[in-house]
Amino acid sequence: MDEDITIINQNTRVTLIKNFLKKNLKKFYFFFTIIIILLIIFFVFDEIKKRKKEKLAQIYNSLIFNTEKYSQKEITDRMIEIIKGKVDTYSTLALYYLIDNNLVNDHDKINDLFNDVILINKDTELKNLVIFKKGLYFSDKLSENELLEILNPIINSKSIWKQHALLLMGDFYFHNKQLNKSKEFFKLITELDNVNPKLKTDVERRLRRDFSE
């Protein structure tokens, strides 16, 4: 008797499962199709991204290794094209090349290019490095508040670039004869936990030399 009941229960479960599958078969097909489409989109997008990066890499390498073949304007235009291509590695390298070789003198244009590169960098520390370089580039061109506005995201973080941002502000105030503010920023460097030992030693030496009473 118990065996008969067990068999009946099993058959009932099988029937319920079959009925459930029949009723929801279209839904299963729909969700399966959606998953397949999403996977295809993902792989296609990834492939497009790889090809785009390879293309920009070829353009960048061609420019820096064959500079004699191009005019300065051609190099500048192509480097800006790479930056606008929004591939973090080569967009960043292209920006640095423009700055290191003084190919763009319009500060507003440089500011826009910096902002473009900052936005596309997903790695926090690489983004902070670009922010620091922006501050460094504009350190002799901007006011105190403008420079702080650029560097504050680093200064208020635990970034490895914080010590360099503090040093830059300390130098900025020292150059502008604002010694109390300069001293304040230099002291902040010595209080950091993970400061570069050589940098800390140099700053401590400057504090004794330039701010001793």
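Residue by residue through region 65-103, note down the ones that are in a loop (DSSP other than H, G, I, E, B) and under 22 Å from the mean Cα position of the chain (by Cα).
Going through region 65-103, the residues in a loop (DSSP other than H, G, I, E, B) turn out to be 66, 70-71, 85-87, 101-103.
GLY85, LYS86, VAL87 - these are the residues of region 65-103 that are in a loop (DSSP other than H, G, I, E, B) and under 22 Å from the mean Cα position of the chain (by Cα).
Report yes if some residue within region 152-168 is assigned to a loop (DSSP other than H, G, I, E, B), surrounded by 20 or more Cβ atoms within 10 Å (Cβ to Cβ) and at pLDDT 95 or above; otherwise report no. Walk me through it before giving the result.
The first filter runs over region 152-168 and keeps only residues assigned to a loop (DSSP other than H, G, I, E, B), leaving 156-161.
Checking the rest, the ones that are also surrounded by 20 or more Cβ atoms within 10 Å (Cβ to Cβ) come to 161.
With the extra rule that they be at pLDDT 95 or above, the set shrinks to 161.
The answer is yes; a qualifying residue exists.
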Exercise for review: Those residues that are surrounded by 15 or more Cβ atoms within 10 Å (Cβ to Cβ), within 11 Å of the chain's Cα centre (by Cα) and outside any helix (DSSP H, G or I), I need them from region 104-136; list them, please.
Suggested key: ASN121
Check your understanding: Only one residue in VAL117, VAL130 is among the aliphatic types (A, V, I, L, M) and assigned by TED's automatic domain parsing to the domain that holds LYS53. Which one?
Key -> VAL117
Exercise for review: Would you check which residues across region 167-185 are of a type outside the set (Gly, Ala, Ser) and more than 27 Å from the chain's Cα centre (by Cα) and list them?
Suggested key: TYR173, PHE174, HIS175, ASN176, LYS177, GLN178, LEU179, ASN180, LYS181, LYS183, GLU184
**Study point:** Residue pairs meeting the criteria (Cβ under 8 Å; at least 6 apart or on separate chains; first under 14 Å from ALA94 (Cβ atoms), in region 65-78; second modelled with pLDDT under 90 and among the β-branched types (Val, Ile, Thr))
**Key:** ILE75/THR67; ARG78/ILE59
Review point. When you scan region 179-213, how many residues do you find that are free of Cβ contacts under 8 Å to residues at least 24 places away in the same chain and assigned to a loop (DSSP other than H, G, I, E, B)?
Key: 4
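The values are calculated or read from the model by the stated rules, or taken from the named source; none is laboratory data. Everything numeric in this text was worked out from a predicted model, so none of it was measured. Don't worry about glycine lacking a Cβ; one is built from the backbone with ideal geometry, like all the others, and counts go over all protein chains shown.
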